[in-house]
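The next block holds one structure in the form of structure tokens; read it before the comments.
Any read-out appearing in this document is the output of simple, stated calculations on the displayed coordinates, not a laboratory observation. Note that this is a predicted model, so its numbers are computed, not measured. Every residue, glycine as well, gets a Cβ built from its backbone with ideal geometry; the counts of neighbours run over all protein chains shown.
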Amino acid sequence: MITRPKGTKDVTPNEVYKWNYVENLAKKMLSLRGFKEIRTPVFEHTELFVRGVGEGSDIVNKEMYTFLDKGDRSLTLKPEGTASIARAMIENNLDSEAMPQKLFMLTPCFRYERPQAGRLREHHQFSIEAFGSSSPLMEVEVIGVIKAILDSLQFDNYKININSIGCKECRKTYLEVLKRYYSKHIDIMCEDCKVRYAKNPLRLLDCKEEKCQQYKSNAPKPIEYLCDRCKEHYKQLKEALDANNISYKENANLVRGIDYYSQTVFEFLTEEKGALNVICGGGRYDGLIEELGGKPLAAVGVGLGIEHLLLLLEKNGIEIPNLDKIDLYIANASINELTYANKLANALRNKGAKVEFDLVNRSLKAQMKYANKIECKYVCVLGETEVSKGKAVVKNMQTKEEREFNLETEEGIKELARYVRGE
């Protein structure tokens, strides 16, 4: 038997309703705030991620699925969404349109890493990006939409951490100080940190290895070396969060693992320990569009993983309603009523009701078992009498209440459709 590749997952009908619910809810929260959907290719030129995400990142160094096509061009399966959206902004001249441009994308992402709970080699992500404003209110807008999604899901087991890692200018001084501090310890730190020390020293603060973490508490903090402009931006951010009643905690060690971030970085975390600690993270990246060949353009973004979020909801006992359940199952007492059942089903479907009838020649008893198995809300049985009179008794499978409907008139069909839809 051929099995799925390691680190991938089939989403069966028993689970896909959860995905639909979360995705639709997220899209609703985004739409309320003026975010518009964008779609980009599953693969891009490798250079986009090398320049955009950064050569010093783990994504570029270890995790990308890169291949040569038949034209000997280096292509990479999308490991994250921000760089792709930034490229699309430039290529489609969206950076010349009215600002802000508030965009989102629901996309598969591919990273070659060790599969674990909620983290797969193919995962799906909401990439939420806002361009064209240097105001801290833009960070609040992006943080706020994640908060709205979690709150709408009744998920309250989270906290928000924020930090400022400074702009390109003030970070130069900080990185010199940081490297000077770590130079005394780097020889006994992990191999990844030795690479980070040379390529991306800011990531030294993000190492999860126990032998490296011991040096973090005494390490110089980015916030201690902010220029006046970055200090003011961070001050205004906190004031704006307070004004919007968004609770947060300052974490001076918080950095992000991608090179394009500047000034604000943030994370949503659960109270859980271990791999599920971080729900999602993001921040400001004012230099990315320019780095990719566009005009200077301020930007803020966040990535929210669907698999990761669903696992957290399950761990926290949050049940997602199944909106895909069938409203009405029409059972036929014999083969003689099957055509009528088919006709009635389609008439009700045209009125927006979710309806099934027998397609595999089951006995009436087997049909009723099937209706119970699929947790159908209502059931009606069509026999010779029901068909001849044009009437049917519909049974509520939970309350056992029964109600008769006229099937011969348009108004009777409408009434039945409204009833089984719960209206």
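Computed quantities for the displayed model
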item: Principal-axis tilt of helix 136-152 within the chain, Cα atoms, nearest 10 degrees; result: 30
item: 0 to 90° range, to nearest 10: angle between helix 364-373 axis and the chain longest Cα axis; result: 20
item: Set of lysines with alpha-carbon distance to Lys102 below 20 Å, sequence-local pairs under 8 removed; result: Lys27, Lys28, Lys36, Lys147, Lys295
item: Cα gyration tensor shape for segment 206-247, rounded if a/c is under 1.5, else prolate or oblate; result: oblate
item: Relative packing of peptides 259-271, 92-104 - highest average C-beta neighbours within 10 Å first; result: 259-271, 92-104
item: Beta bridges by DSSP in segment 275-423, antiparallel share as percent, to the nearest 5; result: 60
item: Bridge type composition, the chain - antiparallel percent by DSSP, nearest 5; result: 80
item: Computed label-point distance, nm, for sites Lys235 and Val16 using a 7 Å Cα→Cβ extension; result: 5.4
item: Nearest-20 debye value, segment 328-420 charge dipole, Cβ charges on Lys, Arg, Asp, Glu; result: 340
item: Eligible lysines near Lys211 by straight Cα distance, threshold 21 Å, same-chain separation 8 or greater; result: Lys179, Lys184, Lys194, Lys199, Lys221, Lys273
item: Cα-based Rg of segment 124-213 normalised by 2.2 N^0.38 Å, two decimals; result: 1.45
item: Percentage, to the nearest whole number, of Cα pairs in segment 370-423 over 13 Å apart; result: 61
item: Dipole magnitude of segment 242-380, debye to nearest 20 (Cβ charges: Lys/Arg +1, Asp/Glu -1, about Cα centre); result: 960
item: Hull-based mean projected area of segment 201-281, where the convex hull spans the alpha carbons, in square nanometres; result: 6.3
item: For the chain, size of Cβ-based charge dipole, Lys and Arg +1, Asp and Glu -1, in debye; result: 600
item: Rg [Å, one decimal], Dmax [Å, integer] - the chain, C-alpha atoms; result: 27.4, 91
item: Farthest toward positive dipole pole in the chain [+1 Lys/Arg, -1 Asp/Glu at C-beta], among Gly303, Ile149, Asn396; result: Gly303
item: Length released on extending from Tyr248 to Ile318, taking residue separation times 0.36 nm less the Cα-Cα span; result: 22.9 nm
item: Residues in segment 403-421 reached by a label modelled at Lys389 [backbone nitrogen below 18 Å; 7 Å Cα→Cβ]; result: 403-409, 412-413, 416
item: Degrees between helix 13-32 axis and first principal axis of the chain (Cα, 0 to 90, nearest 10); result: 60
item: Dipole of the chain [Lys/Arg +1, Asp/Glu -1 at C-beta], most positive-end residue of Pro220, Met89, Val16; result: Pro220
item: Global geometry of segment 328-420, whether rounded, prolate or oblate, following the gyration tensor of its Cα atoms and the 1.5 cut on a/c; result: rounded
item: Cβ-derived FRET efficiency at R0 35 Å, Met1 paired with Glu271, nearest 0.05; result: 0.30
item: Cross-link pairs Lys9/Lys78; Lys62/Lys159; Lys325/Lys365 - those with Cα-Cα distance over 25 Å; result: Lys62/Lys159
item: Part-to-part distance (alpha-carbon centres) for segment 149-196 and segment 132-146, which is given in Å; result: 21
item: Charge-dipole axis of the chain as Lys and Arg at +1 and Asp and Glu at -1 on Cβ define it, positive-most pick from Ala243, Thr409, Cys207; result: Cys207
